[in-house]
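This report refers to the structure that appears directly beneath it.
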Amino acid sequence: MIWKNLIDFWCNEKGRYGLTVPFLVGAERLTRRTTIKSLLNEINESDSDFIISNCGDLDEYVVGTHKPEYAYINTLKRFDSLILNDNELAKAKTIKELIEKVENKYKYLIENGLYSKDYNSGKWTAFNNEDLELIKLNELSKLK
């Protein structure tokens, strides 16, 4: 499961807020069959807390770690290890409803191999070389 290493690197080493669900699904699909449902269930069942929030810069949901500027972690809605830092997502009553919301937003992109949103143009694309290097770097670090 590369998603955990990617989130750790992106959030804790680079200081970013998180990675989009399509990016994480696409990274996993380089080595195994993954869906939004399986990814979110794995995150939810993990031994660490992860937060889904809305990244204003990308206008997309990202999965990351808690940041000091977020609301106090115990005030946020949670399903096991998955914490919701977004009012719309927090309306989900079950993990199944949450998965359906995220699938409705991203399923089309993932089915069409569009895993990476370009920050400048706002367009979704296939992974570029920079994305693939980030994934490869984190996959190699997992082997150490």
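Brief remarks on what is shown
- Verdict on Lys105 being open to solvent by 70 Å² or more (accessible area, probe 1.4 Å), of a type in the set (Lys, Arg) and either in contact with a Phe, Trp or Tyr (Cβ under 8 Å, 6 or more places away or on another chain) or modelled with pLDDT of 95 or more (or both): yes
- Test: residue in the stretch 56-77 that is over 21 Å from Asn5 (Cβ atoms), open to solvent by 80 Å² or more (accessible area, probe 1.4 Å) and basic (Lys, Arg): no
- Screening the stretch 79-91 for residues that are open to solvent by 70 Å² or more (accessible area, probe 1.4 Å) and in contact (Cβ under 8 Å) with a residue 12 or more places away in the chain and picking the one that is farthest from Leu40 (Cα to Cα) gives Glu88.
- Subset of the stretch 22-76 (residues that are at pLDDT 95 or above and among the aliphatic types (A, V, I, L, M)): Leu24, Val25, Ala27, Ile36, Leu39, Leu40, Ile43, Ile51, Ile52, Val62, Val63
- If you filter the stretch 58-110 down to residues that are among the acidic types (Asp, Glu) and in contact with a strand residue (DSSP E or B) (Cβ under 6 Å, 6 or more places away or on another chain), you find that the one that is nearest to Val21 (Cα to Cα) is Glu60.
The values are calculated or read from the model by the stated rules, or taken from the named source; none is laboratory data. All values derive from a computational prediction rather than experimental measurement. Cβ sites come from the backbone with ideal geometry, for glycine too, and all protein chains shown count toward neighbours. Only protein heavy atoms, including side chains, enter the accessible area calculation; ligands, DNA and RNA are left aside. Shrake-Rupley method; radii C 1.70, N 1.55, O 1.52, S 1.80 Å.
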